[in-house]
Amino acid sequence: MKPATFAYAKAQSVAEAVATLATHGDDARIIAGGQSLVAMLNMRLSAPSVLIDINDIPGLSDIAIEGDSLKIGALVRYTQALRSPLVAEHAPLLARAIPHIAHAAIRNRGTLGGSVAFADPAAEMPACILALGGSITLSGPDGDREVSADDLFLGLYETALGPSDMLTGLRLPLHTKESRVGFAEFARRHGDYAMVGLAATARARGDGIADVRLAYFSVGQCATRATGAEQALAVGDIEGAVAALETDLDPTGDIHASRDTKMHLAGVLLRRVAAQLSEAPK
Ligand code: FAD
């Protein structure tokens with residue numbers, strides 16, 4: 001199929017993109033890498049009257065340390081992030097997760113900002129920024145604001161972004177020598193969307209770990225924290241953590257896996273990721 005007719009605006013600045021969004025409201029869509037949006041246009045699941053291309057806006061492809069955060073611009077592509085020494089050193093969870101996303105051609109175009117703004121329930125990046133306790137920067141008609149990942153994902157493809165908001169960057173806490181990260185997913189083939197996935201962070205404390213954050217993807221409407229399992233893992237109770245998933249998660253079965261299969265896989269991934277969190281970095 002071909003997309004419905006749309007007007008095309010190439011924004012030269014964030015202010016211009018936001019102003020165009022404000023003029024057209026829900027009738028406009030930002031296009032970044034186009035790796036999700038173009039498929040939706042072609043299938044006519046989305047039929048905006050205006051596409052706002054943000055690819056020419058300067059400064060949105062930067063990766064930099066700002067204060068105690070790693071700032072990743074909205075237009076940073078997966079491949080760029082994967083090759084970045086700053087990401088490898090300060091956000092190793094992303095470096096672990098990105099190779100699981102689709103295939104090279106898609107990773108060359110797809111943006112971290114687009115993935116987080118789109119909030120696909122099966123996507124890796126929303127779960128990673130949730131596990132990291134990061135935040136996103138939004139620009140809207142009233143200026144910029146910072147939204148924590150905990151407040152961002154509201155439901156199926158639903159986020160705290162308003163119709164005139166543009167996501168301009170991600171802010172992640174810097175990895176320290178006490179930081180621990182874990183990542184695992186099940187997919188039918190490498191590069192397919194995960195049937196179930198888990199991104200996790202913790203802080204080494206004594207012989208154990210504290211401040212555990214477990215963010216599942218592909219088990220619900222959006223990236224989801226497993227808070228009961230987090231508390232059990234923090235006291236070293238792996239069996240209790242797996243049992244807590246029954247109340248933490250409520251997946252619905254889909255064409256790939258039943259609810260029971262997803263719950264089983266969630267437990268298997270938890271055991272794998274718990275082992276990763278306990279490992280001292282090499
Ligand atoms: P676009 O497609 O350009 O936009 C997606 C949505 O986000 C649109 O609604 C758009 O308006 C909005 N948007 C984009 N940028 C912004 C912004 N800065 N501010 C506000 N709104 C914005 N993803 C995975 O996570 N895991 C996978 O395994 C995976 N497999 C894939 C396999 C295939 C075959 C394909 C085609 C895609 C796959 N994807 C997967 C999706 C891919 O990662 C997308 O690139 C990503 O989801 C969206 O990023 P984008 O830059 O392409 O966004």
With every protein chain kept in place and ligands, DNA and RNA left out, what is the accessible area per residue of the chain? Probe 1.4 Å, answer in Å².
46
Compute a Gaussian network model of the chain, connecting alpha carbons closer than 10 Å, and tell me which residue from Tyr157, Tyr78, Tyr193 fluctuates the most.
Tyr157
Region 83-99 - phi-based ³J(HN,Hα) in whole Hz, Karplus 6.51/-1.76/1.60, Gly and Pro as x:
8, 7, x, 5, 5, 4, 7, 9, 9, x, 4, 5, 4, 6, 7, 4, x
Relative to the longest principal Cα axis of the chain, at what angle does helix 238-248 sit, 0 to 90 degrees, rounded to 10?
40
Relative contact order as a percentage, region 7-53, C-alpha pairs under 8 Å and 6+ apart, gives 57
Which is the longest part of the chain that has none of the GluC sites (Glu not before Pro) sitting in a DSSP loop with at most 15 other Cβ atoms within 10 Å?
1-177
Residue span Arg189 to Ala243: 0.36 nm per residue of separation minus Cα-Cα distance leaves a gain in nm of 16.6 nm
Find which of Pro99, Ala47, Thr111 sits farthest along the positive direction of the dipole of the chain, computed with +1 on the beta-carbon of Lys and Arg, -1 on that of Asp and Glu, about the Cα centre.
Pro99
Listed residues Ala119, Ala244, Ala74; largest mean-square fluctuation, Gaussian network over the chain with Cα springs below 10 Å, found at Ala244
Describe numerically, in nm with one decimal, the distance between label points set 7 Å from Cα along Cα→Cβ at Val268 and at Thr252.
2.4
Using the Karplus curve 6.51 cos²θ - 1.76 cosθ + 1.60 with θ = phi - 60°, work out ³J(HN,Hα) for each residue of region 125-137 in order, rounded to whole Hz, and write x for Gly and Pro.
5, x, 5, 5, 6, 5, 5, 7, x, x, 9, 10, 9
Please list, ordered by chain and number, the residues whose modelled amide H lies under 5 Å from the amide H of Gly169; skip anything fewer than 5 residues away on the same chain.
Ala74, Thr137
Near the amide H of Val196, under 5 Å away, which other amide H atoms are found, from residues 5 or more places off or on another chain, if H is placed in the peptide plane?
Phe186
Between region 110-141 and region 1-72, the Cα center-to-center distance that results, in Å
14
Given labels modelled 7 Å from the Cα in the Cβ direction, how far is it in nm from Asn108 to Asp68?
4.0
Do any trypsin sites (Lys or Arg not before Pro) in region 4-81 lie in a loop, going by DSSP, with at most 16 other beta-carbon atoms within 10 Å of their beta carbon, and if so which?
Arg44
Just to compare against my own numbers: the Cα pair-distance distribution for the chain, 5 Å bins, whole % per bin, please.
1, 6, 12, 17, 18, 17, 13, 8, 5, 2, 1, 0, 0
For the chain the mean separation of alpha carbon contacts under 8 Å (6+ apart) over residue count, i.e. relative contact order in percent, is 16
Calculate one ³J(HN,Hα) per residue across region 62-70 by plugging θ = phi - 60° into the Karplus curve 6.51 cos²θ - 1.76 cosθ + 1.60, and present them in order as whole Hz with x for glycine and proline.
8, 10, 7, 8, 10, x, 9, 10, 9
Filter the trypsin sites (Lys or Arg not before Pro) in region 140-243 to those in DSSP coil with at most 16 other Cβ atoms within 10 Å of their Cβ, and list the result.
Lys177, Arg188, Arg189
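The values are calculated or read from the model by the stated rules, or taken from the named source; none is laboratory data. It should be emphasised that the depicted structure is a prediction, and the values quoted were computed from it without experimental measurement. Counting neighbours? That spans all protein chains shown, and the Cβs are built from the backbone with ideal geometry, glycine included. For accessibility, only protein heavy atoms count, side chains too; no ligands or nucleic acids. Shrake-Rupley method; radii C 1.70, N 1.55, O 1.52, S 1.80 Å.
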